[in-house]
Amino acid sequence: MSKLKELQHELSQRIMFIDGAMGTMIQKYDLTESDFRGERFKDYDKSDLRNNNDLLTLTQPQIIKEIHKQFLNAGADIIETNTFNANPFSMADYKLEDLVYELNLESAKLARQAVEEVYLTDNSRQRYVAGALGPTSQTATLSPDVNDPGFRKVSFDDLKYGYIEQLKGLLDGNVDIILIETVFDTLNCKAAIAAVSEIFNERNIELPVMISGTIVDQSGRTLSGQTVEAFYISVAHCPNLLSVGLNCALGSSQMRPHIHDLSNISDRFTSLYPNAGLPNEFGGYDESPEYMAEQIETYAKANYVNIVGGCCGTTPEHINAIYNKVKDYKPRVIG
């Protein structure tokens, strides 16, 4: 059975759970510049490396694997590779574009190791590795220069080829799913879809693809101006599309109207992994595991969701609370 059919069957039987915030967990380790550099980059002189979380796959792999295992043990069925910024555009901030393939390859391998190690202690269900493609630090739709609205810092083809480089590493590292996430600009997402289509055809493979957009405020629109319905229609052509959902930006209670709208129009499975509230004045997130779990339970009761989890501010405690509240609810039925 292909991974796509396997997951389609699984999602028709139960709600599945995706992990929480890698960045939030990394912050708990209070890592220094030296920690981020590790031995390999101790003499690197082109940039500071602190807060390059993706680089920790190479310099502190034990920490990344430990975080993966915490989320798996909390109830996650799907863990995301530590590759949210492992693309040429985001890595350019650190002048490390040449590491894109390696970062994705090793991140996928590390997540796979975590899944296999947890399976040895609990083989009650299969877990999956999702290769994460973040939105990049660029936008293909909007100009970064208010005085020159026609200017674009990056082209569609630039983005596509950047995503192809990322995908090569993820696929060689044996991911189960491709996750195009935190989409604020649908044109960026379309470049990722084009990259997925091209490399799937080139390699003659068919992995399931998840797409997750982000609503920037209560208007219910992405940064590039689309409503949830318009976003869904824009990406529904993606090959092997398993799910379309929403993540990030808003807290769990603020997601209700948007996941309601999506669940009403989508003929794919729906995913939802919100932030643990809106950022407070210190940049933190205040929703407790119990509160967040109660909100997501209401969406499960209303038959809005097939995959749930957490984004910024969410910890294994959040995922475990969500898991315990939601695991016995029936999944949303497509139709």
Only residues that are crowded, with 24+ Cβ neighbours inside 10 Å and in contact (Cβ under 8 Å) with a residue 60 or more places away in the chain: list them for segment 63-76, please. Phe71, Ala76
Among the candidates Gly131, Gly169, Gly173, Gly162, which residue alone is under 13 Å from the mean Cα position of the chain (by Cα) and either modelled with pLDDT of 95 or more or acidic (Asp, Glu) (or both)? Gly131
Restrict the check to segment 24-44 and report whether at least one residue is touching a Gly at 6+ places or on another chain (Cβ under 9 Å), in a helix (DSSP H, G or I) and of a type outside the set (A, V, I, L, M, F, W, C). yes
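Would you check if there is a residue in segment 137-144 being closer than 19 Å to Leu58 by Cα and not charged (D, E, K, R)?
From segment 137-144, those closer than 19 Å to Leu58 by Cα are none; that's our starting set.
No - not one qualifying residue is present in segment 137-144.
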Confirm whether Gly277 is under 12 Å from Gly313 (Cβ atoms), in contact with a strand residue (DSSP E or B) (Cβ under 8 Å, 6 or more places away or on another chain), not aliphatic (A, V, I, L, M) and not in a strand (DSSP E or B). yes
What's the number of the condition Ser47 fails, among (1) part of a loop (DSSP other than H, G, I, E, B); (2) in contact with a strand residue (DSSP E or B) (Cβ under 8 Å, 6 or more places away or on another chain); (3) not hydrophobic (A, V, I, L, M, F, W, C)? (2)
Of the residues in segment 316-335, those that are among the basic types (Lys, Arg) and part of a helix (DSSP H, G or I) number 1
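Specify the residue that is nearest to the chain's Cα centre (by Cα); the eligible residues are those in segment 206-221 that are loosely packed, with under 15 Cβ neighbours inside 10 Å and free of Cβ contacts under 8 Å to residues at least 40 places away in the same chain. Spell out how you get there, then give the answer.
Of the residues in segment 206-221, the ones loosely packed, with under 15 Cβ neighbours inside 10 Å are 206, 217-219.
The next check asks that each one be free of Cβ contacts under 8 Å to residues at least 40 places away in the same chain; those that pass are 217-219.
Numbers: Asp217: 19, Gln218: 21, Ser219: 23 Å.
Restricting to residues being loosely packed, with under 15 Cβ neighbours inside 10 Å and free of Cβ contacts under 8 Å to residues at least 40 places away in the same chain, the top hit is Asp217.
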Reported set for segment 40-59 where residues are in contact (Cβ under 8 Å) with a residue 12 or more places away in the chain and surrounded by fewer than 17 Cβ atoms within 10 Å (Cβ to Cβ) is Arg40, Lys46, Ser47, Asp48, Arg50, Asn51
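Condition first: among the hydroxyl-bearing types (Ser, Thr, Tyr) and touching a Phe, Trp or Tyr at 6+ places or on another chain (Cβ under 7 Å). Now tell me which residues in segment 302-335 satisfy that.
Tyr323
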Single residue of segment 280-291 satisfying the filter (surrounded by 13 or more Cβ atoms within 10 Å (Cβ to Cβ), within 12 Å of Cys312 (Cβ to Cβ) and out of contact with any Cys (no Cβ under 7 Å at 6 or more places or on another chain)) that is modelled with the highest pLDDT: Glu287
Do we find a residue being within 19 Å of Ile79 (Cα to Cα), of a type in the set (Val, Ile, Thr) and touching a residue at least 40 places away in the same chain (Cβ under 8 Å) anywhere in segment 168-175? yes
Out of Ala194, Ala230, which single residue is under 17 Å from Thr270 (Cα atoms) and either out of contact with any strand residue (DSSP E or B) (no Cβ under 8 Å at 6 or more places or on another chain) or among the aliphatic types (A, V, I, L, M) (or both)? Ala230
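The values are calculated or read from the model by the stated rules, or taken from the named source; none is laboratory data. None of the values given here were measured: they were computed from a predicted structure. A quick note on method: Cβ atoms are made from the backbone with ideal geometry, for glycine too, and the neighbour counts reach across all protein chains shown.
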